[in-house]
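**Q** For reference, the structure I am asking about is given below.
Taken together, the values in this text are just the output of simple stated rules run on the coordinates, not laboratory data. Quick caveat: nothing in here was measured; it's all calculated off a predicted structure. With ideal geometry, Cβ positions are generated from the backbone for all residues, glycine too; neighbour counts draw on all protein chains shown.
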Amino acid sequence: MRARRVGRPTIAGLAVVGVLAVAVGGAWWARSPDRGDAGASDPTAGASTSTSLALAPLGPPGQDELDGIELGLEPVVEIEHPTAVAQQPGSGDLYASGVAGRIVRVPAAGGEPVTVANIGDRISTSGESGLLDIAFDATGDLL
């Protein structure tokens, strides 16, 4: 008789839990009166309420809706050989880096970009080297 390990979830067990969570959540969502599509058995169906909820789309948007979207790009910083952009948590400021080691802050409220660091003298840029990425810690205090 083989001993069975207790307390360690298996991938199959986690998959079953995930499927059940989706099924139960979907069933709850389908019956939720807050969705604004209460069934005929609901005595308050059709009654007006003082608040309304915005519903999330049920699927991807159609081509007509996508064709109506206008997008544009506006340059906010010029940096030689850009490699990464990171948003500082909490402030919305963007930080852009270049392969040569320059890091620039672009204020979310507008204004001129400011070079906050240049570590070019501490890195190698030969071959495929250089400053390739930047990231903030979870608090946004450290870059």
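**Q** Where Lys and Arg each count +1 and Asp and Glu each count -1, what net charge lies around Val77 among other residues with Cβ under 14 Å from its Cβ?
**A** -3
**Q** Then there's this: Pull out the extension gain between Glu70 and Val116, defined as 0.36 nm times the separation in residues minus the alpha carbon to alpha carbon distance; nm, one decimal.
**A** Gain on extension, Glu70 to Val116, equals 13.2 nm.
**Q** Ok, one more. Could you work out the local net charge near Arg105, counting Lys and Arg as +1, Asp and Glu as -1, over the other residues with Cβ closer than 15 Å to its Cβ?
**A** Residues near Arg105 contribute -3 overall.
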